[in-house]
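Colleague: Structure incoming, see below.
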Amino acid sequence: LGAVAKGFIFGVPVAIGLLVCRYGPTGDGPMNQWATTVFTLWGFVISATYLDAVADQVVGVLTLFGTVCHIPPTVMGLTVLAWGNALQDALANITVARKGLTSMAVTASFAGPIFNLNIGLGVGFLVLFSTTGTNSFSLSLTPPLKGGFI
């Protein structure tokens, strides 16, 4: 690594640590609004980064498991990965329902997957159509995929 990269890699965390020590909560009263906003945004970025790293590792382990057990990637995607994605939504909805917000939990049970499908397919097709310059494409399903839709 170059000197600039090393300075960035080591300097930014030290600077953030010093800012946290200076402007962090001391228990004497509320924090400044700008410090709270910066810490919240930084926490969001860090948590999203960790979630991405963990998700990549989980997908890698499941891909290895599918390869070792001779399970096609399409079947792995339709079963194990889909169940893992749905499980977190189910647990969150159960928690919301236990807190007494049943209508919110039922709405989230339907709205979450619909939103994911609309945004996921919409953005994917938008990128596909903008890069290829066409507004249609042919689709052929493999037998494992056909079996997954039954």
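The values are calculated or read from the model by the stated rules, or taken from the named source; none is laboratory data. Since we're looking at a predicted model, the values are computed, not measured. Backbone-built Cβ (ideal geometry, glycine too); neighbour counts: all protein chains shown. Areas reflect the complete protein model, heavy atoms only, side chains present, ligands, DNA and RNA absent. Shrake-Rupley method; radii C 1.70, N 1.55, O 1.52, S 1.80 Å.
Colleague: Quick test of your reading of the structure: T95 fulfils all but one of (1) modelled with pLDDT under 90; (2) more than 19 Å from L145 (Cα to Cα); (3) open to solvent by less than 80 Å² (accessible area, probe 1.4 Å). Name the failing condition by number.
Modeller: Condition (1) is where T95 drops out.
Colleague: Step by step: first the residues of the stretch 56-88, then only those that are of a type in the set (S, T, Y) and open to solvent by less than 60 Å² (accessible area, probe 1.4 Å), then the one that is farthest from L141 (Cα to Cα). Which residue is that? Before you say what the answer is, go through the steps one by one.
Modeller: First, pick out the residues of the stretch 56-88 that are of a type in the set (S, T, Y): 63, 67, 74, 79.
Now narrow it down to the ones that are open to solvent by less than 60 Å² (accessible area, probe 1.4 Å): 74, 79.
Numbers: T74: 10, T79: 16 Å.
Among those that are of a type in the set (S, T, Y) and open to solvent by less than 60 Å² (accessible area, probe 1.4 Å), it is T79.
Colleague: Let me ask another. Has the stretch 9-31 got at least one residue that is open to solvent by less than 90 Å² (accessible area, probe 1.4 Å), under 30 Å from L141 (Cβ atoms) and among the small types (G, A, S)?
Modeller: no
Colleague: Does the stretch 61-68 contain at least one residue that is in a helix (DSSP H, G or I), more than 25 Å from the chain's Cα centre (by Cα), within 30 Å of G147 (Cβ to Cβ) and free of Cβ contacts under 8 Å to residues at least 24 places away in the same chain? Spell out the reasoning first.
Modeller: Going through the stretch 61-68, the residues in a helix (DSSP H, G or I) turn out to be 61-68.
In the following step, the residues that additionally are more than 25 Å from the chain's Cα centre (by Cα) were identified as 68.
From what's left, within 30 Å of G147 (Cβ to Cβ): 68.
Checking which are free of Cβ contacts under 8 Å to residues at least 24 places away in the same chain leaves us with 68.
Looking for residues that are in a helix (DSSP H, G or I), more than 25 Å from the chain's Cα centre (by Cα), within 30 Å of G147 (Cβ to Cβ) and free of Cβ contacts under 8 Å to residues at least 24 places away in the same chain, one finds at least one in the stretch 61-68, hence yes.
Colleague: For A53, work out the one condition from (1) more than 30 Å from V20 (Cα to Cα); (2) open to solvent by less than 80 Å² (accessible area, probe 1.4 Å); (3) under 16 Å from the mean Cα position of the chain (by Cα) it doesn't fulfil.
Modeller: Only one criterion in (1) more than 30 Å from V20 (Cα to Cα); (2) open to solvent by less than 80 Å² (accessible area, probe 1.4 Å); (3) under 16 Å from the mean Cα position of the chain (by Cα) is unmet by A53, namely (1).
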